[in-house]
Amino acid sequence: MTDVLLALVTAVTADAVRRKVVWVVVLFAGLLSFVAPSLPSYGVGVASAVYREVAIALMFVTALVVTVALAATRIPSEIERRTVFNVLARDVRRWHYLVATWSGLVVVVGVALLAFTVVAMVVGGVVYRELMWRLFQAAFAVWLEMGVIAAVTVGLSSAFGPVTNTVGALTFVFIGHSISGLLAPPSEHSAPRWVPSLEAFNVIAPVAHGSGYGVGYALSMLGLFIALSGLALVGASALLERRDL
Amino acid sequence: MTDETGSTTSAAVSIVSARKDYGRAAVGRPEAVSDVSIRVERATIHGLLGPNGAGKTTTLKMLLGLVRPSGGTFTLLGRDAHAPGARSNVGFLAEQPYFPMQLTASEVLRLYGRLARVPRDELAAQIPSLLERVGLEGRESTTLARFSRGMLQRLGLAQALLGEPELIILDEPASGLDPVGQRDVRNLMLELKASGTTVLLSSHQLSEVEAVCDEVTILDRGRVAARGDIDDLLNVAGQTSVRARGSGGLPESVRAIATDLAVDGDVMIFSIPDQAIRRVIDDLDDSGFKLVSVQPKRDSLEEYFARLLENPAPGGEVQS
């Protein structure tokens, strides 16, 4: 089973990482990070902190575009073009295919994030004479969030087409970030901590303006990533298992 | 142990009473496949024929677990086709196959080889030889985005052959190939059969099926319309085809019983009842005709197919 999963992950990664969309988006975000230091800071704080905030926002948008562009289209296109037949007609379970597809996409998003983070760090280092290593902490948090979004999008794509998947994924991102406020009791600012929220992956404050986050917080994000992704992939497997290809 | 096709379960493929009902989701008739039974003997080439929408691809998909059957039993190489591990020794070429287009030919074969559990060292040896076998030598490092339709088809054949499976299921293998490619595919199927591999071939190309298949199953509107040994299906019972060269008309005694008379230059081709062969040969000899051939009358598969579909038997099945 491991060899089958590894073979599929390798193939998905190799195929997806060579797609132009990934590198066009990263290149565009890289160019924006070059011009970011020339933006006015409007006196909102230390210029380098504002740059880090912009870099994290660019990181998030870049990763989101890459994640949704790949995850919303891959499975529907493989079913439509019958690519999936060559895989599933062999001794491969459908959940193997789903998990491997998701894993491959998560790896590619990780590579794209790494590339962008290196560019952002180099720009920050040259302009502000500061080693912004904490941007890697932000990249890690964004990467985990994209893993969850990829799992949900892959789950949707087990049953729907690219347009529905894209709308569904973006709706999930919106609700995922606002659910904490939506479910908050009138007297509180946010919902109880047990309500899962994508805001857990929002580390702009500690990374851009503070001293980063600790290992405990990293582990809690990892736990949320595993729980939400696992839930989405179990649902996706159930949907794909019932589908006639 | 026997199945509905009256056979033991040691066949390479056994499908018994397969049924697929799409219900309200159906575009055409709800039941795409109704009570289809197919048996494919080991080391033979079995053709699956039928017009568009006959249920061929749905039947193959049910066999391979791509579509959930509404009923029936499916066996591959003596095992339940949907049990884990049952398809490990089966190669499959889908109709007009497509692959991850950013991968190279050797990367694609490495992927499918690993899915087929071919050991890595064997895989490294098989990839170049398979590419050569399907006419793609020297293309190992070419990205599939640069492949033509025919080259993708050839690559599809190569991936179906990975790991030397005992059973190969080919859905329209000659689709997208030029005449030379089609001939190569025919020869490949015959080579596979000679080496003991079983081939289940679904095709629209009747000449291809007639040239290579030992047995055929013909589907029409989701049911088995005919099945059997291809010679038995195509030979016209009680009739012999005669070709004779000579000038002038046929002797009166021959003309009286000859049917389907055709003239090609000075060669006359006609059919006669089997019991009149001796007398017809004598009469042709006496009239100065030279016999070119005398053989059992045989329809082309195309003629048989057209006749069968124009006049389906009540109940939908004619067996040889």
Expected sort for A:80-90, A:144-154, B:191-201, A:214-224 on mean C-beta neighbours within 10 Å, highest first, is A:144-154, A:80-90, B:191-201, A:214-224
For region A:115-125, Karplus-derived ³J(HN,Hα) couplings (6.51, -1.76, 1.60; θ = phi - 60°; whole Hz; x for glycine and proline) come out as 4, 5, 4, 4, 4, 4, 5, 5, 4, x, x
Over region B:82-214, the quotient of the Cα radius of gyration and 2.2 N^0.38 Å is 1.00
With the convex hull built on the alpha-carbon atoms of region B:1-158, volume per residue in Å³ sits at 145 Å³
Chymotrypsin sites (Phe, Trp or Tyr not before Pro) in region A:1-81 lying in a DSSP loop, each with at most 10 other Cβ atoms within 10 Å of its Cβ, come to A:Tyr42
Chain B, Gaussian network, Cα under 10 Å: of B:Ser287, B:Ser148, B:Ser207, the residue fluctuating most is B:Ser287
Taking the convex hull of the alpha-carbon atoms of region A:1-68 and averaging its shadow over every direction gives an area in square nanometres of 6.1 nm²
For the pair B and A, the solvent-accessible area buried on both sides (1.4 Å probe; DNA, RNA and ligands excluded), in Å² to the nearest hundred, is 3000 Å²
Residues meeting the amide H criterion for B:Ala226 (H placed from the backbone, H to H distance under 5 Å, 5 or more places apart or on another chain) are B:Ile218, B:Val318
Region B:237-298: Kirkwood hydrodynamic radius (Cα pairs, Å) comes out at 11.3 Å
Averaged over the residues of B:94-106, the number of partner chain Cβ atoms within 10 Å of each residue's own Cβ comes to 5
FRET efficiency (B:Ala237, B:Asp264; Cβ distance; R0 35 Å; to 0.05) is 0.85
From highest to lowest solvent-accessible area (probe 1.4 Å; ligands, DNA and RNA excluded), A:Val25, A:Val108 read A:Val25, A:Val108
Over all viewing directions the Cα convex hull of the protein assembly as shown casts an average projected area in nm² of 35.6 nm²
Counting only residues 5 or more apart in sequence or on a different chain, those whose built amide H sits under 5 Å from that of B:Gly71 are B:Arg19
Per the charge dipole of chain A (beta-carbon charges, Lys/Arg positive, Asp/Glu negative, Cα centre), the residue among A:Gly214, A:Leu182, A:Leu32 reaching farthest to the positive end is A:Leu32
In whole Hz, the Karplus estimates of ³J(HN,Hα) for region B:213-225 (6.51, -1.76, 1.60; θ = phi - 60°; x where Gly or Pro) are 7, 8, 9, 9, 10, 10, 9, 8, 6, x, 10, 6, 8
Normalised per residue, the volume inside the convex hull of the alpha-carbon atoms of chain B in Å³ amounts to 172 Å³
Expressed as a percent, the accessible surface of chain A that is carbon or sulfur, using a 1.4 Å probe and the full set of protein chains, is 72 percent
For chain B, the percent of accessible surface on carbon and sulfur atoms (probe 1.4 angstrom, ligands and nucleic acids excluded) is 47 percent
Once phi for every residue in region B:158-174 is put through the Karplus expression 6.51 cos²θ - 1.76 cosθ + 1.60 (θ = phi - 60°), the whole-Hz ³J(HN,Hα) values, with Gly and Pro written as x, are 4, 5, 5, 8, 4, x, 6, x, 6, 10, 10, 10, 10, 9, 6, x, 8
Counting only protein heavy atoms and leaving out ligands, DNA and RNA, the solvent-accessible surface of B:Glu31 at a 1.4 Å probe, in Å² to the nearest 10, equals 50 Å²
To the nearest Å², the heavy-atom accessible area per residue of the protein assembly as shown with 1.4 Å probe amounts to 45 Å²
Output field shielding_mean for B:85-91 (other chain Cβ, 10 Å radius) holds 2
Rounded to a whole number, the mean other protein chain Cβ count within 10 angstrom for residues of B:155-167 is 1
Note on the protein assembly as shown, DSSP bridge orientation, antiparallel percent to nearest 5 equals 65 percent
Region A:162-178 and region B:212-246 have their Cα centres apart by a whole-number Å value of 58 Å
At 25 °C and 0.890 mPa s, the Stokes-Einstein diffusion coefficient in µm²/s for region A:2-242, with hydrodynamic radius from the Kirkwood sum on alpha carbon pairs, is 130 µm²/s
Cα extents of region A:41-100 per principal axis, largest first, Å, are 61, 19, 10
From highest to lowest solvent-accessible area (probe 1.4 Å; ligands, DNA and RNA excluded), B:Ile15, A:Ile204 read A:Ile204, B:Ile15
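The values are calculated or read from the model by the stated rules, or taken from the named source; none is laboratory data. Bear in mind the structure is a predicted one, so any value in this text is a computation, not a measurement. FYI the Cβ positions are ideal-geometry reconstructions off the backbone, even for glycines, and counts take in every protein chain you see. Accessible surface is based on the protein model in full, side chains and every heavy atom, while ligands, DNA and RNA are left aside. Shrake-Rupley method; radii C 1.70, N 1.55, O 1.52, S 1.80 Å.
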